[in-house]
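**Student:** The structure is given below, and queries will be raised subsequently.
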Amino acid sequence: MQVGLIGAGNMARALARGWGDPVLCADPVAGRAHSLAAEVGGQALDSNPEVAQRADVVVLCHKPAQLEDVAGEIGGTAKAVVSILGGRTLADLEAAYPDTPVARLMPNTAVEVNKGVITYARGARVDDDLHASLQDLLGRLGHVIEVDEHLIDVATGLNGVAPAYLALFVEAWVDAGVKHGLPPALASELAVESAAGAIALLAAHQGDTLGVRRAVTSPGGVTAAGLAALERRELRAALLDAMDAVMTKLGR
Ligand SMILES: NC(=O)c1ccc[n+]([C@@H]2O[C@H](COP(=O)([O-])OP(=O)(O)OC[C@H]3O[C@@H](n4cnc5c(N)ncnc54)[C@H](OP(=O)(O)O)[C@@H]3O)[C@@H](O)[C@H]2O)c1
């Protein structure tokens, strides 16, 4: 299935790296499309309609506000459209592409290392063959979860933002280690590897956060002291506020 990318920014690059196949792409900044095609193979084309003509499926990787303008260019040409545009609903997409099968997804940048988490909502015009092909294509990027479309926005507050939230958490954690004398490279290795191991442990325990926490928290011990400090600084409240901010930004 030949993929065409409309826009060659951060998310397009992450998707293309994850697939590792030649892509067709176009971007207003031609150099961006050329460097992406040079990296993963394929071709940077001069215009969005050329991408749509030659691709089996077009992935919209431009900004959400550009939906209607881009649809005006490629609406009659694209054979199938997959959108990653934050906050743009299937109804918006199907109105912009009235004659085309459309699916809506929300990936995260971990697709680059085939560890993405992708929520997927199938549009009404996506037939079973296309659905199966998209599942295969997306499955190569990580973990695909088909959800009711109305859940994609709130899910974005978990999967879409996850690389940024975890990066911030790890960065602050490393700085704390450095403050107390760890060399930065060692602090970074400890934090990244420990975070990866802890996530694997949580997955092995079916997301049982309480069980995993209890197993490492001796009464009156070191971990209990650290957790109490995090609770005092209202980590939970900060995450609630962050989710509220995401929903506000998405207009929900
Ligand atoms: N970044 C994430 O983690 C993430 C996660 C999930 C979904 N998304 C969604 O992915 C989309 C892209 O996000 P991003 O972070 O990759 O943004 P980005 O880095 O700014 O990439 C968007 C690219 O699209 C180009 N573009 C603008 N107008 C275009 C047009 N008419 N035709 C073709 N390309 C056009 C932009 O060029 P200019 O810079 O010249 O405008 C830019 O190179 C957004 O809709 C976002 O909601 C992002």
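**Student:** Enumerate the pairs (first residue in the stretch 170-195 and in the same structural domain as Gly226 (by TED's automatic domain parsing); second residue anywhere and exposed (fewer than 12 other Cβ atoms within 10 Å of the Cβ)) with beta-carbon separation below 7 Å, excluding pairs fewer than 6 apart on the same chain, so at least 6 apart or on different chains.
**Tutor:** Hits for this filter: Val174/Pro184; Val178/Pro184.
**Student:** Sticking with this one: Residue under question is Val113, and the condition is that it be of a type outside the set (Lys, Arg), at negative phi and open to solvent by 20 Å² or more (accessible area, probe 1.4 Å); does it hold? Lay out the reasoning, then the answer.
**Tutor:** On the way: of a type outside the set (Lys, Arg): yes; at negative phi: yes; open to solvent by 20 Å² or more (accessible area, probe 1.4 Å): yes.
The answer is yes for Val113.
**Student:** Can you name the residue in the stretch 95-104 that is among the small types (Gly, Ala, Ser) and touching a residue at least 24 places away in the same chain (Cβ under 8 Å) and is also most open to solvent (accessible area, probe 1.4 Å) among such residues?
**Tutor:** Per the criteria, the residue is Ala96.
**Student:** Which ones in the stretch 116-156 are of a type in the set (Val, Ile, Thr), part of a helix (DSSP H, G or I) and surrounded by fewer than 19 Cβ atoms within 10 Å (Cβ to Cβ)? I'd like the intermediate steps shown before the answer.
**Tutor:** Keep residues of the stretch 116-156 that are of a type in the set (Val, Ile, Thr), which gives 117-119, 126, 144-145, 147, 152, 154, 156.
Filter again for part of a helix (DSSP H, G or I), leaving 152, 154, 156.
Val154, the sole residue that qualifies.
**Student:** Note down all Cβ pairs under 7 Å where the first residue falls in the stretch 223-242 and is free of Cβ contacts under 8 Å to residues at least 24 places away in the same chain, the second is in a helix (DSSP H, G or I), and they're at least six residues apart or on different chains.
**Tutor:** Filtered contacts from the stretch 223-242: Thr223/Val216.
**Student:** Say whether the condition of being basic (Lys, Arg) and surrounded by fewer than 15 Cβ atoms within 10 Å (Cβ to Cβ) is met by at least one residue in the stretch 72-94.
**Tutor:** No: the stretch 72-94 contains no residue that is basic (Lys, Arg) and surrounded by fewer than 15 Cβ atoms within 10 Å (Cβ to Cβ).
**Student:** Follow-up. Given the criterion acidic (Asp, Glu) and closer than 22 Å to Lys115 by Cβ, identify the matching residue among Glu231, Glu193. Give the derivation first.
**Tutor:** On the way: Glu231 fails: closer than 22 Å to Lys115 by Cβ.
When all the criteria are applied, what remains is Glu193.
**Student:** Here is a further query. Select the helices (runs of 4 or more DSSP H) contained entirely in the stretch 9-107, then report the ones holding at least 2 residues which are within 29 Å of Val246 (Cβ to Cβ).
**Tutor:** Numbers: elements: 10-19, 30-40, 48-54, 67-74, 90-96.
Result: 10-19, 30-40, 67-74, 90-96.
**Student:** If you don't mind, there's one more thing I want to ask. Quick one: count up the residues across the stretch 82-103 that are within 22 Å of Gln2 (Cα to Cα) and either in contact with a Pro (Cβ under 6 Å, 6 or more places away or on another chain) or within 13 Å of the ligand (Cβ to nearest atom) (or both).
**Tutor:** Final tally of qualifying residues: 5.
**Student:** Out of the residues in the stretch 50-71 that are open to solvent by less than 20 Å² (accessible area, probe 1.4 Å) and more than 12 Å from the ligand (Cβ to nearest atom), state the one that is nearest to Ala155 (Cα to Cα).
**Tutor:** Val57
**Student:** So, one more: Are any of the residues in the stretch 176-195 at pLDDT 95 or above, farther than 30 Å from Ala155 by Cβ, charged (D, E, K, R) and open to solvent by 50 Å² or more (accessible area, probe 1.4 Å)?
**Tutor:** Yes, some residue in the stretch 176-195 is at pLDDT 95 or above, farther than 30 Å from Ala155 by Cβ, charged (D, E, K, R) and open to solvent by 50 Å² or more (accessible area, probe 1.4 Å).
The values are calculated or read from the model by the stated rules, or taken from the named source; none is laboratory data. Since this is a predicted model, take the numbers as computed values, not measurements. All Cβ positions, glycine included, derive from the backbone under ideal geometry; neighbour counts span all protein chains shown. SASA here: full protein model, heavy atoms, side chains in, ligands and nucleic acids out. Shrake-Rupley method; radii C 1.70, N 1.55, O 1.52, S 1.80 Å.
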